[in-house]
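Have a look at the structure below before the remarks.
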Amino acid sequence: MKITVPHYYSRFQCVAGDCPDTCCAGWQIMIDDASLKKYRKRRDPFGSRLKNSIDWENSAFRQYDGRCAFLDENNLCDIYSEAGPSMLCRTCRAYPRHIEEFEGVREISLSLSCPEAAKLILDCEEPVRFLSKETEKEETYPYFDFFLYTKLMDCRDFIISTLQNRELDWSLRTGIVLGLAHDLQRRIVNGRLYETDSLLERYGRKGAVGKLASRLLAYQIDGESRFDGMKELFGFFDELEVLNSGWPDYIGRIRTVLYGAGESAYEEQRQEFYEFLEVSEERRETWERWSEQLMVYFVFTYFCGAEYDERPYEKMKLAVVSTLLIRETAQALWKKQGGVLKKDVFFEAARRYSREVEHSDLNLERLENLFRKEKVCGLDRLLTLVMG
């Protein structure tokens, strides 16, 4: 078994009651079968509380005003403090760790939805490295397509390397990897996965970046209205399950700031924002680095999951659209705060997006279905938004 984690993984420490948010409110906490069995066997007074505070039909902790029944007034867990960490269910023990499972491989990342994890992910100044170790455990998946998985791994390595090429603007890096994922998808659909090596060779050939950059820059000139495109992407939120009751109001206010006054006001605001970024090289580099770390986070977490559905292009669209929406939200927050953009504000925008989107399988599935609409999320449309 190979275990792979980002290099900052071991630095994570939960700050418990000092956290500005809590992972024990705002969403349903599911309980694994082993923990349910353990809770049923508990015979002391705390066991009685456990039995009365669990929705046994849905295998979840009951909630009161959106908060877990075991979350106290100091945002600390009564199960942890009264029964010990061994009594926590698998969900509570694991969060904010996210695990992707493949045959003989476990890839563990930290979830952007956790404030402390978001700091580690986005405040990382150097390009992320991924560390692996091997254990003696072995396993076999009966229907695992190892050939597809290895090709996805090869492509993901190339994609992350490209995204971390800081000699190029974020928009160019993103345009290149979006095009690669599109071309890979076509080969999968047409039964030509064996051409992946030649595809990577073509993208990695000397001079290829310059040619690709020239083609991508045309989208800055010939692209359609960015206002309409981004407004449509924001409309995706209307199709998603609401996890946090405060989310619709929050994202509604963001949408009003961005698009409420029409296209001319939007373009003027956008121009002001980029003039703000260009005031100093440090400010612009920070913006580019945050965008890079977001893209790498989403690609590492989801891209190889295409082994299970053969849709790497949708996984790349998730990374691109998520980053675009978070960047756009940051622009609105900059406007609301009078032309100031602190890193904590950007981190919070990313965290809230992650919490609302990533922690619902239904939302991830709905987004992938929306990504298949060529009018809204076709390659040319997305490249226009990335390069615009």
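The values are calculated or read from the model by the stated rules, or taken from the named source; none is laboratory data. Note that the structure is a prediction, hence the values are computed from the model and not measured. Every residue, glycine as well, gets a Cβ built from its backbone with ideal geometry; the counts of neighbours run over all protein chains shown. These accessible areas exclude ligands, DNA and RNA; they are computed on the full protein's heavy atoms, side chains included. Shrake-Rupley method; radii C 1.70, N 1.55, O 1.52, S 1.80 Å.
Annotations for the structure displayed:
- Taking every residue in region 45-64 that is within 19 Å of Leu243 (Cα to Cα) and at pLDDT 90 or above and pairing it with any residue that is open to solvent by less than 70 Å² (accessible area, probe 1.4 Å) and in a helix (DSSP H, G or I), at least 6 positions away or on another chain, yields no pair with a Cβ-Cβ distance below 6 Å.
- Candidate set from region 357-376 (those that are of a type outside the set (Val, Ile, Thr) and more than 18 Å from the chain's Cα centre (by Cα)); member that is most open to solvent (accessible area, probe 1.4 Å): Lys375
- Only residues that are assigned to a helix (DSSP H, G or I) and open to solvent by 50 Å² or more (accessible area, probe 1.4 Å) were counted across region 159-173, and they come to 1.
- The residue that is farthest from Leu163 (Cα to Cα), counting only those in region 213-242 that are modelled with pLDDT under 90 and among the hydrophobic types (A, V, I, L, M, F, W, C), is Ile221.
- Check on Lys119, among the charged types (D, E, K, R) and at pLDDT 95 or above: yes
- Any strands (runs of 3 or more DSSP E) falling wholly within region 1-111 and containing at least 1 residues that are within 30 Å of Thr140 (Cα to Cα) and of a type in the set (Asp, Glu): 97-102, 105-110
- Complete set of residues in region 113-138 that are touching a strand residue (DSSP E or B) at 6+ places or on another chain (Cβ under 9 Å) and not in a helix (DSSP H, G or I): Cys124, Val128, Arg129, Phe130, Leu131, Ser132, Lys133, Glu134, Thr135
- Of all residues in region 86-110, exactly one satisfies the criterion of being at pLDDT 95 or above and among the polar types (S, T, N, Q), namely Ser109.
- Residue satisfying all of: in region 124-152; surrounded by 15 or more Cβ atoms within 10 Å (Cβ to Cβ) and under 20 Å from the mean Cα position of the chain (by Cα); farthest from Asn165 (Cα to Cα) among these: Leu152
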